[in-house]
Amino acid sequence: MNLSFHIAKKYFFSGKKRGFIHFISIISMLGVCVGTAALIIVLSVFNGLEDLNRTIFKSSDPDIKVTPASGKTFPLDSLNLDNMRQISGISVITEVIEDNALARREDQQIIVDVKGVDSTFQINNPLENNKFDGELVISEGDESFAFVGGGVYQTLNLQSFNYLRPLQLWYPRNQKLNALNPEDNINRLYLPVSGAFILEQQYDNLVYIPLKEMEKLTELYNQRTSLEIRLSDETKTKEIKTKLKEILGASYLVKDRDEQNEALYRAIKIEKLFIFLALLFIIGIASFNIYFALSMLVLDKKDDIQTLSALGAEKSLVRQIFVAEGGIISLTGALLGLIIGVGVCWSQMQYGWLSMGMQFAIVDAYPVLLKASDVILSLIGIVTIAFLASWFPASKAVKFMNNQ
């Protein structure tokens, strides 16, 4: 066993030292333990939230989305959809017209985000798993329906397949304002609701309707706001996106699912970074106890230091002894904190003992996801802080060798 570690271990477990210095060492170890556990748990919660968002977006957002680089719409005949459909890995290309409208039912009304989609929308749509009432249908034969978010469904007190009280959609006509007949300024659409889905709050006011009905409502004939593409093999996303960019050119933006929600993911990563730094700072404050404990230990072991010096010990050995002492304190605390943090996260992942406490939450239990990279990065940060906290008392111990 390394001599410096052997001596450091003896100092830590020495019965003679079970006084105030030992008490401060234990407090230091517990401080590092609590900080490490908190760091692992909080980072895992952020990972869980990011993973939950990815799951939500997988149900609602396409694998790839094509939008005009400038303006709100583009002419459909400006694209060669046949060439795009021939790209290997593309399963479905859905044409979309999307805009805000006023939704009404009797005396209730709400501003909604309306998406007019073609018949491919109904093909193996992931939203089927998030349906809580009715059916995922927007067209059946000659009939048209609206498939709505949970917020619209509840606010307007809708019922599936109620033909007597359909959903009303109002949209301003694209013409000169008629002051004499105000009602002539509004396009109206009446559709029975086929069903409702629930995802996240931002999708509560979403309404899906057939593309032909959206064209009537908005008068955007032969115009589209986007193309939503679902892939048969998501591992080819990057390759397919590159091919689409070559076909479409600079006039169109081609974004994968992560790029469609880039702002949210960036915000989560920034929050996670600041939380990581804040908790490391708290662990750094707790490590002051290691500094004080080692400083007092150096004074307590002054005679031992001078004895080692007389026996010919080098300065590096004495420094290593007290750095190792700090390492024992901090690493013991870090490992205990790691066991607690991983244990708490594992139990939450397995048993979900901490509930979201929300009636219409997508998941019942609070999302947690452990990542090895976070554990390794946390340990590196803690070891670095502990080394700095140990170095200065260890350097002070070397001075006693010079003053003997």
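The values are calculated or read from the model by the stated rules, or taken from the named source; none is laboratory data. Source: prediction; values computed, not measured. Cβ: placed from backbone, ideal geometry, glycine included. Neighbour counts: every protein chain shown.
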One residue from Ile21, Ile26 being part of a helix (DSSP H, G or I), at pLDDT 80 or above, assigned by TED's automatic domain parsing to the domain that holds Ile275 and within 30 Å of Leu297 (Cα to Cα): Ile26
Check on Ala103, small (Gly, Ala, Ser), surrounded by fewer than 17 Cβ atoms within 10 Å (Cβ to Cβ) and touching a strand residue (DSSP E or B) at 6+ places or on another chain (Cβ under 7 Å): no
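Here are some residues: Leu248, Leu273. Which one is more than 21 Å from the chain's Cα centre (by Cα) and either at pLDDT 90 or above or in a helix (DSSP H, G or I) (or both)? Give the derivation first.
Working: Leu273 fails: more than 21 Å from the chain's Cα centre (by Cα).
Within the list Leu248, Leu273, the selection yields Leu248.
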Condition check for Tyr153: in a strand (DSSP E or B) and either in the same structural domain as Met214 (by TED's automatic domain parsing) or more than 30 Å from Asn222 (Cα to Cα) (or both): no
Any hit, the stretch 74-87, residues being crowded, with 19+ Cβ neighbours inside 10 Å, assigned by TED's automatic domain parsing to the domain that holds Ile138 and at pLDDT 90 or above: yes
Asp304 surrounded by fewer than 18 Cβ atoms within 10 Å (Cβ to Cβ) and modelled with pLDDT under 75: yes
Top-ranked residue of the stretch 117-136 - restricted to ones that are buried (at least 19 other Cβ atoms within 10 Å of the Cβ) and more than 26 Å from the chain's Cα centre (by Cα), ranked as farthest from Leu231 (Cα to Cα): Gly134
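Can you say whether Asp113 is in contact with a Leu (Cβ under 7 Å, 6 or more places away or on another chain), acidic (Asp, Glu) and surrounded by 13 or more Cβ atoms within 10 Å (Cβ to Cβ), as far as the supplied structure shows?
Numbers: in contact with a Leu (Cβ under 7 Å, 6 or more places away or on another chain): yes; acidic (Asp, Glu): yes; surrounded by 13 or more Cβ atoms within 10 Å (Cβ to Cβ): yes.
Spelling it out, Asp113 is indeed in contact with a Leu (Cβ under 7 Å, 6 or more places away or on another chain), acidic (Asp, Glu) and surrounded by 13 or more Cβ atoms within 10 Å (Cβ to Cβ).
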Evaluation of Glu50 against (1) assigned to a helix (DSSP H, G or I); (2) over 19 Å from Leu264 (Cα atoms); (3) out of contact with any strand residue (DSSP E or B) (no Cβ under 6 Å at 6 or more places or on another chain) (one fails), failing number: (2)
Residue within the stretch 375-382 that is surrounded by fewer than 15 Cβ atoms within 10 Å (Cβ to Cβ), among the hydroxyl-bearing types (Ser, Thr, Tyr), at pLDDT below 90 and within 21 Å of the chain's Cα centre (by Cα) present: no
